[in-house]
Protein chains: 2
Amino acid sequence: MEVQAFPVVSVIGVRGIPEVVAGADLAALVHAGIAGGGLAIEPGDIVVVTSKIVSKAHGRYADSTDRRAVVAAETVRVVAERMTSTGATRIVEGRCGVVSAAAGVDASNTGAGEAILVLPERPDEAAEQLRAGLALLAGHDAFGVIVTDTAGRPWRGGQTDFALGAAGVRVIEDYRGLPDADGRQLDVTAIAVADELAAAADLVKGKVERIPVALVRGLGRLVAPDSSVPRDGAARLVRRGPGDFFAMGHIEAARAALGAAPGSAESVAVGIRSVGAEPGSERLARAVRLAALTLTDTPSVLEASGDTEPEARVVLHVPGDDVDLGRLIARLEVALWSEGLTAHAERAGRVLTLRANGSGG
Amino acid sequence: MEVQAFPVVSVIGVRGIPEVVAGADLAALVHAGIAGGGLAIEPGDIVVVTSKIVSKAHGRYADSTDRRAVVAAETVRVVAERMTSTGATRIVEGRCGVVSAAAGVDASNTGAGEAILVLPERPDEAAEQLRAGLALLAGHDAFGVIVTDTAGRPWRGGQTDFALGAAGVRVIEDYRGLPDADGRQLDVTAIAVADELAAAADLVKGKVERIPVALVRGLGRLVAPDSSVPRDGAARLVRRGPGDFFAMGHIEAARAALGAAPGSAESVAVGIRSVGAEPGSERLARAVRLAALTLTDTPSVLEASGDTEPEARVVLHVPGDDVDLGRLIARLEVALWSEGLTAHAERAGRVLTLRANGSGG
């Protein structure tokens, strides 16, 4: 029987790279680390580097050791927010356009006690700079560099590594227009190979062992110098604008439509939903605050009670004639939706009784 | 100089697996394929298999060859929707809990002309079944199996492979409670290694070459038979319920709060936003239809004009006294937000003039 030749991709974890300090020559350290395993960067290789050591080399330590303050400073836009036992937790867009829970702010393994690291300023440039440095030492530039970070994902548990920066490597493998084996067009058209490379490298790098660099061998097709191969930076993988269907969480969207965008003072004033279960009366009260947000006068709560099983109840007095009751009721409908509540409203003059039940979804 | 031993993960693409037909013994085919490269499944290996060949072996061909109808039948819940040149495109939760553009429905390379494949019914069981079959042939069961599919992601361009099913392999590597090198707790706590494995395997499998199986070697820590290693299925990676902050797109959320949930008849009646640019007058008209949705009478459009540069305008006559104008205006505010419009309303008796401009965001 003839033995088939199988394609092999090797992901090699580069051990022995010393603690990286601000101002360090990262290319020299990575090159020496690779050499320490008796290896060299070969044509077609991809060097995958954790952003943490790039940040360390660039001296990207925050001025503050207050993690929350640093995350806030690195935040461009809040995407979703929930209260937890330690305060508001936010999913945010960071300076590099990446959406994550901490804007890439890193308080562990920073190599400097309490100091907090932030992401490299321009990750694609950082990747290109590292590649240029490595090219001098390797004697060729037929290789790629990827700078990785770690983030959670909507709809999926756990975190994975992704490509924060890239240089000299194809980030998307595009199959558009190619026929499948039956001659039909392929369903899947554009593979984010740079993210897959980051994920593959993470398997060997791990989070606890000191392996901040991986060498990926066997994917020369992604680093071909051929001009038909676009070699964009990883910034291309950031999806923003009209194509971003998830620019906010669903709860946040309903609240934002009523004037309480996530991350705003209005949102804090209304109160932020908890990650945990909350009594129905609390959710109902928050819905009332949200509904009343842009009205000149806030209804006063005459009575509130109970959980949503079988129902929570709130009785409101809507003051003056300057608050349009119809407007308040319509806003309440949206606000209740944002709390996962369905409610029944009874109106008697300027007194409104809401009975709510719901799942908290 | 002492040469360091570097950890290596090898991702081996298994060539030579023949076209899989309904009822085929998948374990026998995969085993023979691996043997065709002079290899065997070794303790600690992980066999990563494209769900397509599992679906083929299970004969998971849809009754219909109408792709839209098949996607609809596989859809549990619509998460986001946009109009495209070919009709409404939806991002949906499929039967297995995975959110994607096509509910895993696969119309390319199905191996049967126009036939359409759907995902395996219970992917974790399918993985376990394949593992049991392979264990008999390999003579041991100290290996894992992952069944993969491909999907897009929010916030990131392109698609990546993920773990749809898993057996005998750790799907999450949990670092909770572990100290970092400085003695602080690690920021990153739970790595979705099964998804990273799927991504790594995709790099060697590719989409065009016939390589539906990869053998991943060097990650024995993820398949240790040790009882301290939880070996859940990939179902554990599906995030649903209160922890899912992105159960709908932001546009869809605002519309749903007004009674037009994505995928509903109401949403279709209101009209679905286009992926492309639309005239402001069209967006304004859709906002009016959405705002009027639950009101007993629909306002009639007296006049509509223009784009949002500098502004679009619509003049409405609100009939009868049975439509509460305040309620309509409050609903219009939310509806306009869902269209990315900011508007100014003038009210003269039962005639409402809206002037809108906006970015389409």
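Every number in this text was worked out from the coordinates using simple rules, so none of it is lab data. Computed from a predicted model, the values in this text were never measured in an experiment. Quick reminder, even Gly has a Cβ in these numbers, built from the backbone with ideal geometry, and neighbours come from all protein chains shown.
Please build a GNM for chain B, connecting alpha carbons under 10 Å apart, and tell me which residue among B:294, B:150, B:75 fluctuates the most.
Per the Cα network of chain B with a 10 Å cutoff, B:294 tops the list.
Could you give the distance between the Cα centres of region A:128-166 and region B:291-330, to the whole Å?
The distance from the Cα centre of region A:128-166 to that of region B:291-330 comes to 52 Å.
Between B:17, B:146, B:53, which gets the highest mean-square fluctuation from a Gaussian network model of chain B, Cα cutoff 10 Å?
Between B:17, B:146, B:53, it is B:17 that shows the largest mean-square fluctuation.
List A:143, A:246 from most exposed to least, where exposure is judged by having the fewest other Cβ atoms within 10 Å.
Listed from fewest to most nearby Cβ atoms, that is A:143, A:246.
With bins 5 Å wide starting at 0, give me the P(r) of region B:86-139 over every alpha carbon pair, in whole percents.
4, 17, 15, 18, 19, 13, 8, 4, 2, 1, 0
Tell me the mean residue ellipticity at 222 nm calculated for the protein assembly as shown from its helices only (DSSP H runs of n ≥ 4, each -39500 (n - 2.57), averaged over every residue, nearest 500).
Computed mean residue ellipticity for the protein assembly as shown: -8000 deg cm²/dmol.
Taking the protein assembly as shown as the region of interest, what is the percent of Cα-Cα pairs per 10 angstrom bin, listed from the shortest bin to the one with the maximum distance?
The percentages, shortest bin first, are 3, 14, 22, 23, 19, 12, 6, 2, 0, 0.
Classify region A:250-358: rounded, prolate or oblate, from the alpha-carbon gyration tensor (a ≥ b ≥ c, eigenvalue square roots; a/c under 1.5 rounded; otherwise prolate if a/b is larger than b/c)?
Oblate, because a/c is 1.5 or more while a/b does not exceed b/c.
Measuring nothing but label to label, 7 Å from Cα along Cα→Cβ, what are residue B:87's distances to the other copies in nm, shortest first?
List, nearest first: 5.1 nm.
Along the charge dipole of chain A, which of A:193, A:269, A:223 sits closest to the positive end, that is, farthest toward it, with unit charges on the beta carbon of Lys, Arg, Asp and Glu (+1, +1, -1, -1)?
With unit charges placed on the Cβ atoms, the residue in question is A:269.
What is the distance in Å between the Cα centroid of region B:49-108 and that of region A:92-120?
The distance from the Cα centre of region B:49-108 to that of region A:92-120 comes to 37 Å.
Would you kindly work out, in nm and rounded to one decimal, the distances from the label point of residue A:177 to those of the same position in each other copy, ordered shortest first, with label points 7 Å along Cα-to-Cβ?
Between copies, matching label points for residue A:177 lie 5.6 nm apart.
Assume the label is 7 Å from Cα along Cα to beta carbon: what separations in nm does residue B:279 have to the matching positions in the other copies?
5.5
If the elastic network links every pair of Cα atoms under 10 Å, which of B:51, B:85, B:305 fluctuates the most in the Gaussian network model of chain B?
Its mean-square fluctuation being the largest, the pick is B:85.
What pairs from A:52/B:205; A:56/A:205; A:205/B:56 go past 24 Å between their alpha carbons?
From A:52/B:205; A:56/A:205; A:205/B:56, over 24 Å: A:52/B:205; A:205/B:56.
Which ³J(HN,Hα) values, rounded to whole Hz and listed in residue order, are derived for region B:258-270 from phi using the Karplus coefficients 6.51, -1.76 and 1.60 in 6.51 cos²θ - 1.76 cosθ + 1.60 with θ = phi - 60°, glycine and proline given as x?
9, x, 10, 5, x, x, 8, 4, 4, 4, 5, 5, 5
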